[in-house]
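The values are calculated or read from the model by the stated rules, or taken from the named source; none is laboratory data. Quantities reported herein were computed from a predicted structural model and do not represent experimental measurements. Using ideal geometry, Cβ is built from the backbone for each residue, glycine included, and neighbour counts are taken over all protein chains shown. Side chains included, ligands, DNA and RNA excluded: accessible areas come from the protein's heavy atoms. Shrake-Rupley method; radii C 1.70, N 1.55, O 1.52, S 1.80 Å.
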Amino acid sequence: MESGRQHARFLRVDEGHALGSERVVSDSTNAILDSIPEEQDTSPLGKAISATTDFLLSRQHSEGYWVAELEGDTILESEYILLMTYLGEQDSEDVQAAARYILEKQEDHGGWSLYPGGPTEISASVKSYWALKILGHDPSAEYMQRAKAAILEAGGAEKVNSFTRYYMALLGLISYRQCPAVPPELILLPSWTGVTIYEMSSWSRTILIPLSILWAFKPSRKLPVEQQIDELFIKSPRQLPVVNDVSDKIDDLSYKTWVPWTWLFRQLDRGYKLIESIGEPPYRKMGIRLASTWMLDRFEQSDGLGAIFPPIVWSLVALRCLGFEEDSSQIKETRRHLEELILRGTNAAGEPTVRLQPCKSPVWDTAISTIALSETGQSNCEAAIQRSAAWMRSKEVRRKGDWSRSHPDVEPGGWYFEFNNEFYPDIDDTTMVLMALARSLPTDMHADWTAEFVPQGDGEAEGRLETIISGKSPQWKGAIADVSRLQNVLDSMRRGVQWLLAMQSKNGGWGAFDADNDNELLTRVPFADHNAMIDPPTADITARVMESLAMLGIDRDHPAMQEALAFVWKTQEADGSWVGRWGVNYLYGTWQVLVGLNAIGIDKTDPRIRQAVRWLKDTQLDIGGWGESPATYEDPSLKGKGPATASQTAWALLGLMAAGEAGSQAVQRGISYLLATQQEDGIWREEEFTGTGFPRVFYLKYHYYPVYFPLMALARYRQLQRNG
């Protein structure tokens, strides 16, 4: 249906069939198979789908959401121990239990890594060793000696990152002067400088502000000699340079420049510290006041500052610097949010262990679970899908956050990742929720309805949409009831679509949280060694936005789609693959782009798509699955190589099927691999980390990835087989 409006958005709500289920009438050769209800499919494929479906349905919380463990490396437990040591609570049982978990994760090479089987990561290893030593582990013990040797072989504690230096200063091992300067006056920088806190990524912003308060107050608790780690330094902590070396974790600039920005920023760092040594800098009190207000404001409607572990930790220390008492609501709430990240278990000896999550992922897990269940077409999923849809709508952002500084006239909308993080909706979650909501629209309508998202006009209303619902029904009461039922969810979707469109960057792509957050000069400042100082557009998120907008009726002739498509083509690798910024790695990126291209109707015979298909087929393992290691971020020559995993196999299959390869031998072998490796409980075992936080710095294991992604792949394969 066409309205003649260039920018109209169309959304089909058909009687007896929810948008996005992608079902078509089967031809006669599939009539018998298609007549069998999905839940009665007793083929090996049908049984596998039903088993995973039953697992997911049994794990849905009564409120309607799903959430599984989000696992990171041991920096979480070691930093927790260092924080509690600063607070004087290192003797607590939880701290001791966290140390047991750290010890359990030591690699055979003696150090600690960013992902299972990875090489020694110097900052993670230094903090793990230090945490164990603080808690009384004997430095002469065999495992401590192995750790020490691995750390020294990797360059010694001199090589640790900025965050680790701040922990060293907090516990009196070094001076704050030996940390990158993060003065609170940064919050005063005017926008014309191009280096304000809002030019930084949202996660860097929420870490930097509380750290700036630490820099101003310089809190420190001096540890006794037996808890210090001089033995891990090639020289000594006191000889650590005032300005940290350039990290090998930082990506190269995307352009050539003759200006030595790295050197210049380090001279500024050195000069600022010299000025500060003479006396309190101008505007220090104003900077502290504004930074404090900024931080406290963002506690509201959030599971802690930024709802992630690092800023929660640093904000707790910052609150103490500002004089908040232990029984204040701010400190009590911050500690509660930290404690909510704790998970408890036992080690091989049956002793209690504690591990921490970097954050929680309920919106993400719920949206993808909903999509996967809708793919099955099974009627026993309908109630669960409706409950999840209601829960997701309750998590819609309805207040302006940091993103609104550059888009003040855009109506709040979108979704975040965690249970509560109102200031920071993100593009990826918003796209997933929009697709999940589109698949969960009521099917028991009294008519076939069409919803159009239509621009209001120019001026202040630019970018704002109105929802127009049209249809015919002989039952006027039923029609009114239908419209009433649809109105709230369509309003949420309308706001989500207009927010997504507003967040498109000038180069046509989308980043994770902000538009045009791509000032690469910020990656050269001394503090930027976490390799995520900015949030530039990426192919994987851009393609997912394309997929979601296409599902809601925006075709590829829309200007936003044209710009996005140009961005995606521009970022394709020479071998046909795409980098995955938020999942490991080229398998993730290539899957998502192929799905996005298919969604907007790009011809499957396009040479660039065929090249991507060849790359996926070439990287398939002999056992039929696919796998890829986070090591590919360090060494791209390893792309597409690694132990087979269920989640990455599912991504490759979804990508190939989107490219028209459902009947290919590669897809058949991939499906066979998933069927052969499924466990009795309906899920797949996966030890590997296939999620990406910060490339080369922090990786993630989503414990539901080997559940809903294989289910999605198997269910989509069945749909395509039924549809011929």
Within the chain, helix-based [θ] at 222 nm, where runs of 4 or more DSSP H residues each add -39,500 (n - 2.57), nearest 500: -14000 deg cm²/dmol
Additional length obtainable on full extension of the chain from Tyr255 to Ser328, 0.36 nm per residue less Cα span: 21.4 nm
Quick check on region 612-724: what does the Kirkwood estimate of hydrodynamic radius come out to from the alpha carbon pairs, in Å? 14.3
Can you work out the Karplus-derived ³J(HN,Hα) for every residue in region 657-672? Use 6.51 cos²θ - 1.76 cosθ + 1.60 with θ = phi - 60°, whole Hz, and x for glycine or proline. 5, 5, 8, x, 9, 4, x, 6, 5, 4, 5, 4, 5, x, 5, 4
Distance in nm between pseudo-label sites at Ala390 and Leu264 (7 Å out along the Cβ direction from Cα): 5.8
If His109, His407, His558 are ordered by their accessible area, calculated over protein heavy atoms with a 1.4 Å probe, which sequence runs from highest to lowest? His109, His407, His558
Please enumerate, by chain and number, the lysines with C-alpha under 23 Å from the C-alpha of Lys332, excluding those fewer than 8 residues away in the same chain. Lys218, Lys360
In degrees, nearest 10, range 0 to 90: what is the angle between the Cα axis of helix 362-376 and the longest Cα principal axis of the chain? 30
Given a cut-off of under 8 Å on Cα pairs at least six residues apart, what relative contact order in percent is computed for region 269-401? 14
How much of the accessible area of the chain, in percent, comes from carbon and sulfur atoms when a 1.4 Å probe is used? 52
As an exercise, find the ratio Rg/Rh for the chain from alpha-carbon atoms, using the Kirkwood inverse-distance average for Rh. 0.97
Subtracting the Cα-Cα distance of Arg221 and Asn420 from 0.36 nm times their residue separation yields 68.4 nm
If R0 = 30 Å, then Arg464 and Ala574, at their Cβ-Cβ distance, give a FRET efficiency to the nearest 0.05 of 0.10
Separation between the Leu675 and Thr443 pseudo-spin-labels, each 7 Å from Cα along Cα→Cβ, expressed in nm? 2.5
By accessible area of protein heavy atoms, probe 1.4 Å, what ranking do Ile683, Ile427 get, highest first? Ile683, Ile427
With a 1.4 Å probe and all protein chains left in place, how much accessible area per residue does region 135-240 have, in Å²? 38
Exceeding the 31 Å Cα-Cα cut-off - candidates Lys395/Lys604; Lys256/Lys617; Lys159/Lys222; Lys285/Lys400; Lys148/Lys285; Lys159/Lys400: Lys395/Lys604; Lys256/Lys617; Lys148/Lys285; Lys159/Lys400
Anchor Lys235: aspartates and glutamates whose Cα lies under 14 Å away (excluding residues fewer than 8 positions away in-chain): Glu153, Glu158
For region 173-323, rounded, prolate or oblate, judged on the Cα gyration tensor with a ≥ b ≥ c (square roots of eigenvalues), a/c < 1.5 rounded, else prolate if a/b > b/c? rounded
How much length would be gained if the chain were fully extended between Ser191 and Gln301, taking 0.36 nm per residue of separation minus their Cα-Cα distance, in nm to one decimal? 36.9 nm
Amide H to amide H under 5 Å from Phe698: which residues, 5+ apart in sequence or cross-chain, H placed 1.01 Å off N in plane? Gly693
Using a/c under 1.5 as the rounded threshold, could you call region 332-406 rounded, prolate or oblate? The axes a ≥ b ≥ c are square roots of the C-alpha gyration tensor eigenvalues, and prolate needs a/b larger than b/c, oblate otherwise. oblate
For His530, what accessible surface area do you get with a 1.4 Å probe? Give it in Å², rounded to 10. 0
Any chance you could give the angle, 0 to 90 degrees and rounded to 10, that helix 261-278 forms with the longest Cα principal axis of the chain? 50
Roughly how big is region 114-173's charge dipole about its Cα centre, with Cβ charges of +1 (Lys, Arg) and -1 (Asp, Glu), in debye to the nearest 20? 140
Which shape class applies to region 634-696: rounded if a/c is under 1.5, otherwise prolate when a/b exceeds b/c and oblate if not, where a ≥ b ≥ c are the square roots of the Cα gyration tensor eigenvalues? oblate
Please work out the ratio of the alpha-carbon Rg of region 56-161 to 2.2 N^0.38 Å and round it to two decimals. 1.24
If contacts are Cα pairs under 8 angstrom and at least 6 residues apart, what is the relative contact order of the chain in percent? 18
Using each residue's phi in region 168-184, evaluate 6.51 cos²θ - 1.76 cosθ + 1.60 at θ = phi - 60° and report the 3J(HN,Hα) Karplus result to the nearest Hz, with x for Gly and Pro. 4, 5, 4, 9, x, 6, 9, 8, 5, 4, 8, 9, x, 5, 10, x, x
Any idea how far apart Ile623 and Ser140 come out in nm if each label point goes 7 Å out from Cα toward Cβ? 4.4
Using a Förster distance of 45 angstrom, determine the FRET efficiency expected from the C-beta separation of Leu720 and Glu63, and round it to 0.05. 0.85
So the FRET efficiency between Ala481 and Asp555, C-beta based with R0 = 30 Å and rounded to 0.05, is 0.45
Per the charge dipole of the chain (beta-carbon charges, Lys/Arg positive, Asp/Glu negative, Cα centre), the residue among Ser404, Val313, Ala169 reaching farthest to the positive end is Ala169
